Amino acid sequence: QVRLVESGGGLVQPGGSLRLSCAASGTIFSTGTMGWYRQAPGKQRELVATITRGDYRNYADSVKGRFTISRDNAKNTVALQMNSLEPEDTAVYYCNVDRLTTDRGITYNMWGQGTQVTVSS
């Protein structure tokens with residue numbers, strides 16, 4: 001069973017930093033584009049950042065210059081370094097992989113369980 005497991009969420013002060021990690025577990029042969037999305041209370045889920053296997057990165061305008069996404073293809077992990085955090089960044093952050101090739105075949109649009117990030121004084 002393929003799983004995406006996020007970690008690293010928590011409570012931080014405005015201006016602080018947090019690093020989120022997501023690991024794909026199971027017998028995985030390859031991963032496609034990986035990314036982070038977030039959903040704040042009362043708002044729709046939005047893209048935060050994505051990264052392709054070739055390290056092409058895309059960021060939401062609201063996080064450009066503050067967040068950095070990275071991946072390790074050998075370890076099937078993706079991370080999100082969040083700096084200069086603002087209260088508006090408060091949300092549940094979800095890891096996503098658009099395509100995973102595993103011992104059971106190909107799985108599309110996998111989501112993690114989410115990790116809470118709260119930015120508050």
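Looking at Gly26, Leu85, Pro41, which one has the Cα that reaches farthest to the positive end of the dipole of the chain (charges on Cβ: Lys, Arg +1; Asp, Glu -1)?
Gly26
Where the Cα atoms of the chain are projected onto their three principal axes, how long is each span, largest first, in whole Å?
Taking the Cα atoms of the chain, the three principal extents are 46, 25, 22 Å.
On the protein heavy atoms, probe 1.4 angstrom, tell me the percent of accessible surface of the chain carried by carbon and sulfur.
Within the chain, the accessible surface is 46 percent carbon and sulfur.
Report the Cα centroid-to-centroid distance between the range 12-31 and the range 46-117 in angstrom, as an integer.
Using only Cα atoms, the two centres lie 7 Å from each other.
Only Lys, Arg, Asp and Glu count, each charged at its Cβ (+1, +1, -1, -1), so figure out the dipole size of the chain about its Cα centre, rounded to 20 debye. Each step should come with its number before you reach the end.
Values: 13 positive and 10 negative charges, 44 e Å.
That gives the chain a dipole magnitude of about 220 debye.
So, how do all the Cα-to-Cα distances of the range 57-121 break down into 5 Å bins, in percent, from 0 on up?
4, 13, 21, 25, 17, 10, 5, 3, 1, 0
Is the shape of the range 1-66 best called rounded, prolate or oblate, per the rule: a/c under 1.5 gives rounded, else a/b larger than b/c gives prolate, else oblate, with a ≥ b ≥ c the square roots of the Cα gyration tensor eigenvalues?
Numbers: a/c = 1.82, a/b = 1.45, b/c = 1.25.
Prolate, since a/c reaches 1.5 and a/b exceeds b/c.
Just the number please: accessible area per residue for the chain, 1.4 Å probe, all protein chains included, in Å². Display every interim value, and only then the final one.
Details: 6340 Å² over 121 residues.
Result: 52 Å² of accessible area for each residue.
How far is it, in nm, from the label point at Arg57 to the one at Glu88 when both lie 7 Å from their Cα along the line to the Cβ?
2.0 nm
Among Leu4, Thr68, Thr107, whose Cα sits farthest toward the positive end of the charge dipole of the chain (+1 at Cβ of Lys/Arg, -1 at Cβ of Asp/Glu, about the Cα centre)?
Of Leu4, Thr68, Thr107, it is Thr107.
The values are calculated or read from the model by the stated rules, or taken from the named source; none is laboratory data. In this text the structure is predicted, and so the values were computed from the model without any measurement. Methodologically, a virtual Cβ is constructed for each residue, glycine included, from the backbone with ideal geometry; neighbour enumeration extends over all protein chains shown. Protein only, heavy atoms only, side chains kept; ligands, DNA and RNA dropped before computing areas. Shrake-Rupley method; radii C 1.70, N 1.55, O 1.52, S 1.80 Å.
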